[in-house]
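Derivation of every value follows stated rules applied to the coordinates shown; laboratory data play no part. Computed from a prediction, not measured in an experiment: that's the story for all the values here. Cβ: placed from backbone, ideal geometry, glycine included. Neighbour counts: every protein chain shown.
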Amino acid sequence: MKNTVLKKIVLTALIAVIIASCVLTLCACNNNDNNNNENTANTDNEYKYFDKNTRFDLSLGDSSKYEQYTNVMDLPAPIIMMIRNAALDMGNCYAEFKTDGTVHCQIQTKKGFINDVKKLLTLMKIDLEEFLSDFSLTVMLNNYVEPMFPGFTAKFSTGDVGGAMGLVERSLGLNLKGLDLNDPDIKALFDEMGETMTIPADILDRIPTDAVLTLTFDSTYNIRELTTHDGKKRTGIYVSEIGKSHSTQPYCVFSLVENEGVRTLFFRAEFMMTQVYLTETNK
Amino acid sequence: MKKFASIVLIALLTLSMCFALVACGCDDGSRSQGQSDNKGTADDAYTIVYVGDSIAEALIGPSPLSERDNYGYFALVGRINNFKYYNHAVSGHKTSGGMIGEDKDGLLEMLNRDDENAVLMKTHLQEADMIHVSVLGNNMLQYNLGLLLLEVADPDFEDNYEAGTSLINALEDGGTMTRTDVDGQTVEFSFPPTYQNICDIVARLRELNPDAQLVFQKVYNPLYEGSSHLKPEVIEELRKDKYIDTKGQFGAAGERIDSIEKIRRVANKLLSQLNGILDRYLAEHNSDEFIILDAQAEFERVTRLGVDENGDLNLSGDSLGRSLIFADWTHPSNFGHAVLAGLTQKMLDTLKLSSPDALANYKEIRVEQIKRLYSPIKGFDKNAAVSSINSATTFFDVTMAYFTAIDGYTPIY
């Protein structure tokens, strides 16, 4: 395999796993049995929630089900496993649906993941500097981030990373924990990025090796019993307020399936050619 | 590697968008304050289903993204008419095949899926009253746009097209051709059979739902001065003797293609070829099979409303036309989405399918946005903005009133 191809695979995989993790976080939904409501409760008159706090763990990389249920941008399963093992604390990647209609999702990195990622890059002979040289932070900010989150660039370029991220958090309920923005080294890193509008090639060396990053997302959900045109029953978890009105459905719809007493959630992100699943846990 | 970096970049962006989309309408009130989508919408309400590409999906375009359901045309049309509406469009989708490989899913493949999950796309299509399709854009934009422009700018284009040797032949009928780029690199074009795909898409939609009104939206021209689609080398190439406009297609006969206005005309010619696939379908089949929404003509109309102080058409980076396009130079902006919504609304009016309250509902949405997103801004004249919106008498006037009022202000959200 040519080195460039390998690079593409590994780098795509890195990104894909991050995305998959985030999608899982987003979609971290829960479901009830198709045929009864024993595990759900009706509140708000018509919206169904779980009748007890219910957690689903990200099942990324379960080889017994991988081929059938998981697809991350069509990457080979071993690549996904490798990246999962290097970067993710799977015990803390989950979605919890609460009885009050809220859902909390999170993806967490392993302690020391920075070193593992660096080893992985070395193993694959990937030159991060070369890779990052193809990125234009200015283009990314101007063409996408700023219009998606107006006001972001002004804050970021002046070193106010907390303010910039605050826009995202206040707007979307998304939060990234684990980086101390008041730490002089971290502050210097972001100051440099804001000033030069580049991602430093030594970025991995400048993040504390013991850093644990947690991406959290909080929203609302409701459980919907659905019927296909030909009469088959499906259970969906609609994440966000959109879809409650029956006039539409939200972007994020999870499918809940129960087999032999095990409840599993599926989510498919079409535009990323990605499907992931989460399995109910007793934690 | 640069292309790959772009893919990675897109992936990173989609990550953000995923979060944003799920977050839209979350319980912090960031979106729910702006929603009225449960107002009077009955379970048996008229149902419109959107399929196709990123233009319809509206992940990239709405700004801020948390306002997707106030700006995306799919939601705007659904909400102001109290329709049920479902958006099953997918960013990157071509008529068939995928962004990364031709063996991946595009619209045609997706339409052939069963309802294996709770998204129920097939059911929604089967039960739709109207199916709204936006799909041709990626059949062109996922390829080397510069070479495609040069192809149609070539004075010999018509002869080449007639002989079946043009890239446009491959774009329409499928196949692989190679060309040499302006930088000397060999570029391979491997197109899906776009025309046949459209035939198959219509046939599949008819199989799923013989009664639904089908609507196909044409692709608009996104080129304005400074567009990232226009590489300097391509602009330079277009100026060369080889491309002197002997037939006066892009300006006066005998002139070089040396201005953004002329380049836009070249792009319009390319788009007319692409969009002409829809016209060709209707010419060769039942002409009532679907309605065409001419987004190319509508964006051109709005673009031509923008003139500078000398009365000349303004195609600069801060022109009215440019403001139809998102910062990425490709997708519709908030304004562009509103114009596209207006185009669909006009069709609904003609078909007598629109709500009698649609205009009032549209005003309500815009006024709510003014109050929530802009009234806290120091110096912003909320009363003037609201008055301007409320006194508008047409959909387009409301659109102009709203976007004129907020021009230059960063929303508080």
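Counts of other chain beta carbons within 10 angstrom of each beta carbon in peptide B:122-132 average 2. Overall shape: oblate for the range A:241-283, with the ratio a/c of the largest to smallest alpha carbon gyration tensor axis at 1.5 or above and b/c at least equal to a/b. Specify whether the C-alpha gyration tensor of the protein assembly as shown places it in the rounded, prolate or oblate class, a ≥ b ≥ c being the square roots of the eigenvalues: rounded for a/c under 1.5, otherwise prolate if a/b is larger than b/c and oblate if not. It is rounded, given that a/c, with a ≥ b ≥ c, falls under 1.5.
Each label was represented as a point 7 Å from its Cα along the Cα-to-Cβ direction; for B:Asn310 and A:Asp210 these points are 6.8 nm apart. Greater than 26 Å separation of Cα atoms is the criterion. Which listed pairs, A:Lys98/B:Lys363; B:Lys122/B:Lys218; B:Lys242/B:Lys262, meet it? Over 26 Å Cα-Cα: A:Lys98/B:Lys363.
Take each residue in B:109-120, count the other chain C-beta atoms within 10 Å of its C-beta, and the mean is 6. So which DSSP H runs in chain B come out at 30 Å plus along the axis (Cα) with average Kyte-Doolittle of at least 1.0? Passing helices, by number: B:2-23.
Take B:226-233, A:53-60, A:251-258, A:180-187 and order them by the average number of nearby Cβ atoms within 10 Å per residue, most first; the result is A:251-258, A:53-60, B:226-233, A:180-187. Using C-alpha pairs under 8 Å with a sequence gap of at least 6, the mean separation divided by the residue count of the range A:126-185 gives a relative contact order of 18 percent. Think of it as helices only: each DSSP H run of n ≥ 4 in the protein assembly as shown is worth -39500 (n - 2.57), and spread over all residues that comes to -12000 deg cm²/dmol at 222 nm. Here the extension length gained between B:Thr176 and B:Lys382 equals 68.6 nm, from 0.36 nm per residue of separation less the Cα-Cα distance. Taking the Cα centre of the range B:182-329 as reference, the dipole from Cβ charges on Lys and Arg (+1) and Asp and Glu (-1) amounts to some 220 debye.
Take each residue of peptide A:144-155, count the partner chain Cβ atoms within 10 Å of its Cβ, and average: the result is 6.
By the rule of a C-alpha distance below 14 Å, with chain neighbours fewer than 8 residues away ignored, the aspartates and glutamates paired with B:Lys247 are B:Asp154, B:Asp156, B:Glu158, B:Asp159, B:Glu255. In terms of its Cα atoms, the range B:219-274 spans 28, 24, 15 Å along the principal axes, sorted from long to short.
Pairs from the list A:Lys233/B:Lys104; A:Lys233/B:Lys346; A:Lys233/B:Lys84; A:Lys187/B:Lys231 with a Cα-Cα gap above 30 Å: A:Lys233/B:Lys346; A:Lys187/B:Lys231.
Straight-line cross-link reach from B:Lys382 at under 16 Å between alpha-carbon atoms covers these aspartates and glutamates, not counting any fewer than eight positions away in the same chain: B:Glu364, B:Glu368, B:Asp407. Alpha-carbon geometry of the range B:182-255: the Rg and the Dmax are 19.5, 53 Å, given in that order.
Straight-line cross-link reach from A:Lys244 at under 13 Å between alpha-carbon atoms covers these aspartates and glutamates, not counting any fewer than eight positions away in the same chain: A:Asp44, A:Glu46, A:Glu225, B:Asp27, B:Asp37, B:Asp43. Sequence-distant contacts, meaning Cα pairs under 8 Å at least 6 residues apart, place the relative contact order of chain B at 15 percent.
Label the range A:73-132 by shape, choosing from rounded, prolate and oblate, from the square roots a ≥ b ≥ c of the eigenvalues of the Cα gyration tensor; if a/c is under 1.5 it is rounded, and otherwise prolate applies when a/b is larger than b/c, oblate when it is not. Since a/c reaches 1.5 and a/b is larger than b/c, the shape of the range A:73-132 is classed as prolate. Looking at the protein assembly as shown, the DSSP beta bridges with both ends there are about 80 percent antiparallel.
Taking all Cα pairs closer than 8 Å and separated by 6 or more residues, the relative contact order of the range B:193-296 comes to 39 percent.
Just how far, in whole angstrom, is the range B:306-351 from the range A:142-199 if you go by their alpha carbon centroids? If we compute the Cα centre of each part, the gap is 31 Å. Phi-derived couplings, Karplus 6.51 cos²θ - 1.76 cosθ + 1.60 at θ = phi - 60°, listed residue by residue for the range A:92-103: 10, 10, 7, 10, 10, 9, 10, 5, 8, x, 9, 10 Hz, with x used for Gly and Pro.
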